[in-house]
Each structure stands twice: as structure tokens, then as C-alpha cells.
Amino acid sequence: MPLATAERALLTERRHLTRDEALAVAQLPLDELPSLIALAHKVRLEWCGPEVELESLINAKSGACPEDCAFCSQSVRYHTGVDVYPFLDVDEILDAARATRAAGATQFCIVVAVRGPEERLLRRVLDAVDLVQRETGLEVACSLGLLTNEQAARLADAGVRRYNHNLETCRAVFPRICSTHTYDDRVQTARRASAAGMELCCGGILGLGETLEQRVDFAFELAALAPGEVPINFLDPRPGTPLADDALLSPREALQAIALFRLVLPSAWLRLAGGRERVLRELQAMGVLAGANALIVGNYLTTAGRAPHEDLALLDALGMPVADGPGEGRFVVDGTGAHARPARASIPIRVD
Ligand code: SF4
């Protein structure tokens, strides 16, 4: 019954689910997971089409972050052995962008481990954005922590297409995982990025001790910000962090979460990111069939990912084309405040 209600709402009435409707789906036993996955896949095809967007990241300034996010090996407060280096030389960033292009991805995200960008760092990021855009034609995204309105405007003026700033988890759990800034600090930066004209990329990490109900709340808190993209990471406990001994989600819990996020965020790019290899294990393809339509390819910020050719081969086997990037006018805001997406072009999959 909850699945039939959700299907009618999303596919017949073309409306978003209420929290109660989503919660009823979440409370179905995991034995019904195949039906939930099938619905999430239908919703993804109906609202987004078959394309899958690929993005790669560069950790352009690693470690020594003053914040205390409990899952993060880049916090200066934990002894994690992570690489610590200042902002990379622009030539290194350009080399990584070229490799991204060669691997078939269309998005390149410059990430730095800071609370927020100081002026000198911001100027260097803006130089790198300009160079990568001119030399590779890639869409450039940035993830630089908390922003002021003025910083957001400068990034938007420089042509940064998307700004990533995750809420990380739901409002109720956030104080347990971070004490150096607040949930509302994060919400404010997400809103500033959107207001400046950048597309918002805003998601988080599943498996931070949230209940199933809180996971649903998290999806709705994200939906309230109307993000164009929602990265879903899974906790991959890092040695030396306070969460080092936490358990991984099971593959079935992860697939359930992906499908639930698709039902609550029907038109978003739902991007599987860090932790997917460890958590989904041999079910990587199921993640894409459970409603995800975007992947991080290559390595993550501090952990190794799959080789890009493995994901390209996976998409080839699934018959899913690689999206050619967001492009101008790709996202429009419909009357409900949600993002609706016009039809997109795609590029052929390259399997090297
Ligand atoms: S998640 Fe970001 S803000 Fe938090 S400690 Fe890690 S790098 Fe710093």
C-alpha cells in the first residue's frame, strides 16, 4: 500500500511525497526492497531520464582543517595520518582536470579542507577555476566550506557552475558530529550559494547513527533547499576519528536509503560518492538501479575509489548513457519550488 501510494503520487499525480508517505515506505520490511528499488528506478527514469552524470574530485588542499567533524580524517583534531598539504599548484589542478576529461567525466570539483576560504585561498581557487574552464571545457564545481554572500557572488561571477556544501546529516544528529559550527551555518551557506546563482550541490553521509526516521527527515531537509545535486556518501569509518569503530551500513540498508532519497528528491542528480565501494560491495550496479543517476569516478578526498573504466563499463552494461553535463538552462524551477529538468543530451560511453 505505501508503495502504491508513492507510485501514484510521483508517476500519476506528478507531485512530491509527504513526510508521512515517505515514512510509510521507509518502514516497509527490507524483504520488500526489490519493489522499492523498482519504483525508485521508474521514478528516476520518469523524472530524470536514463543519463548518468560523472564527476571527479580533486582534494586541492588536504588536512589540517580546524573543524571537528567526527567522521572526517582531515580534521586537525584527530590523528589519522592523512596527507597534509597546502593549496596545490594550478598546474597540478589542471593536470587532474585533463585526466578527468580523458576519463569521460564532465564535472570537476575543486575541494579544499577549510572552515571557509580566506582571501588568499579564494583568489587561488578563482585562478584555478578560470584555467580549468579555459583549458578543458569542463564544468567546474567548488567545495570551499562556509561562504559569505560576497564570496558566493565572486565564485558565481567566475563561472563556478555548482557549489557543494553538504548538510552532512539531519538537524537532530548534526550536533553529535560537529561542535565547531552549526547546522544553520551550513544551511545559510547552501542558501547563499543558490542566491548567488550557483546550482546547489548538497547532500551528506548516511550511517552516522541516524535512525531510519531521521534519514527520511534528512532527505526532506535537503529537499527544502531544492538542490540540483545530492551527493550520498556512506560512512566509511576512518582510523583515528571518533567514528573509527562505527559499523558500516549493510548493502540492503544502503540501497533502501538510495531509493528513499530518489522518492523524496525525484528530480535531483543523486550522486553516489564516498563509501559506496565498501558499503555496496558487489552491488554497485544496484545502486544505479535504485535511483542514483550520478557517480563520483576515481578517488575520493582521502580514500581510493574505483577506476573510472570500471564505472563506465558498468553503465555500458546497464545501457545508461553518460550525461554531457548540466549545461545552460538545464535546471528550471517549477511552480512548486522543485527543480524540473528538461530533456538532456548525452555523450557516448567510452570504455577503455
Ligand atoms: S568535513 Fe570539512 S569542515 Fe569538517 S573537518 Fe572535514 S574538511 Fe573540515
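Bear in mind that the values in this text are calculations on the coordinates, not laboratory data. Since this is a predicted model, take the numbers as computed values, not measurements. Glycine also receives a Cβ, built like all others from the backbone with ideal geometry; neighbour counts cover every protein chain displayed.
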Dividing the surface of the Cα convex hull of the range 164-232 by four yields a projected area in nm² of 4.1 nm²
Can you give the % of DSSP beta bridges in the chain that are antiparallel, to the nearest 5?
15 percent
quick shape note, the chain: Cα extents on principal axes in Å, largest first -> 56, 42, 40
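Within the set of other residues whose C-beta is less than 11 Å from the C-beta of Arg154, count the net charge using Lys and Arg as +1 and Asp and Glu as -1.
With Lys, Arg at +1 and Asp, Glu at -1, the net is -2.
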Given the rule -39500 (n - 2.57) for each run of at least 4 DSSP H residues, summed and divided by the residues of the chain, what is its mean residue ellipticity at 222 nm, to the nearest 500 deg cm²/dmol?
-11500 deg cm²/dmol
In the range 105-140, what GluC sites (Glu not before Pro) fall in a loop by DSSP, with at most 12 other Cβ atoms inside 10 Å?
Glu118
Which listed residue (Ser194, Leu225, Leu208) has the Cα farthest towards the positive end of the charge dipole for the range 190-242, taking +1 on Lys and Arg C-beta and -1 on Asp and Glu C-beta about the Cα centre?
Ser194
Could you give the spread of the C-alpha atoms of the range 7-99 along their three principal axes, from largest to smallest, in whole angstroms?
52, 33, 24
What does the charge count near Leu11 come to, summing +1 for each Lys or Arg and -1 for each Asp or Glu among other residues with Cβ under 13 Å from its Cβ?
+3
Listed peptides 143-155, 55-67 by packing density, highest first (mean Cβ within 10 Å):
55-67, 143-155
Between Rg and the Kirkwood Rh of the range 140-281, both from Cα atoms, what is the Rg to Rh ratio?
0.97
DSSP-loop GluC sites (Glu not before Pro) across the range 1-52, with at most 10 other Cβ within 10 angstrom
Glu13
Mean-position separation - Cα centroids, the range 202-248 and the range 14-35, in angstrom
18 Å
